[in-house]
Amino acid sequence: MSDILSNWYPYIKALHIMSVIAWMAGLFYLPRLFIHHVETAGLSGPSHDLFLVMEEKLLRVIMNPAMIATWLFGLLLVMTPGIVGWDMIWPWTKGLSVLAMTGFHMWLARQRKNFVAGEGLKTGRTYRMMNELPTLLMVVIVLSVVVKF
C-alpha cells in the first residue's frame, strides 16, 4: 500500500489541493449568502425562497463533497510514508485547524437549517464576523504546512 501511495503522491496532493480550494470557496461564500439573506430577503417571499435554494445547493452539491474529498485525500497524504513527521508541531496545528474548519462547516449547516425553520437566526454582523474564521484557520494551515514549524 505504501508503494502505491508514494507513486500516486503528486496526484493525491493535487486532488487534495483542488478539494481544499472548492471547500474554502464555499466556506467563504455561504456566510455571505446568510448576510444578504438575513439583511435583505427576510423570512418569506420569493427572495427568501431563492436564498434557501442557493444555500442548500452550495452546501449539498459543492461544500459537502469538497469537504469529504479534502478529508479523504488529506488522510491518504498522511498515510504516505515520509510525508508527515509526527515529532514536529505542524501536523498537530494543521490537524486541529482542519477539525475547527470542519466544525465551522457543521455550524454553517445548522445555520442553513435555521433559515429553513425561520428561527434561531444570527444578525448580519454575526455572520460577517464568522466569515473571518475560515481565513484565520487557512492562515494557520498554510503556515503549518509550508513553514513546518
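A short reminder: the numbers here are calculations on the coordinates, not readings from a lab. The shown structure was predicted, so the numbers you read here are calculated from the model rather than taken from an experiment. Quick reminder, even Gly has a Cβ in these numbers, built from the backbone with ideal geometry, and neighbours come from all protein chains shown.
Key figures for this structure:
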{"quantity": "Some residue of the stretch 109-116 being among the small types (Gly, Ala, Ser) and without any contact (Cβ under 8 Å) to a residue 12 or more places away in the chain", "calculated": "no"}
{"quantity": "Any hit, the stretch 12-32, residues being of a type in the set (Phe, Trp, Tyr) and farther than 23 Å from Gly124 by Cα", "calculated": "no"}
{"quantity": "In the stretch 42-80, residue surrounded by the most Cβ atoms within 10 Å (Cβ to Cβ) [restricted to those that are assigned to a helix (DSSP H, G or I) and of a type in the set (Gly, Ala, Ser)]", "calculated": "Ala66"}
{"quantity": "Matching residues, the stretch 110-140, being surrounded by 16 or more Cβ atoms within 10 Å (Cβ to Cβ) and within 12 Å of the chain's Cα centre (by Cα)", "calculated": "Asn131, Leu133, Pro134, Leu137, Met138"}
{"quantity": "Pick from the stretch 86-96, criterion touching a residue at least 12 places away in the same chain (Cβ under 8 Å) and in contact with a helix residue (DSSP H, G or I) (Cβ under 9 Å, 6 or more places away or on another chain), ranking: surrounded by the fewest Cβ atoms within 10 Å (Cβ to Cβ)", "calculated": "Ile89"}
{"quantity": "Number of the condition not met by Glu39 [criteria: (1) of a type in the set (D, E, K, R); (2) under 30 Å from Glu119 (Cβ atoms); (3) outside any helix (DSSP H, G or I)]", "calculated": "(3)"}
{"quantity": "Residue identified as exposed (fewer than 14 other Cβ atoms within 10 Å of the Cβ) and either in a helix (DSSP H, G or I) or of a type in the set (Ser, Thr, Tyr) (or both) among Leu99, Leu5", "calculated": "Leu99"}
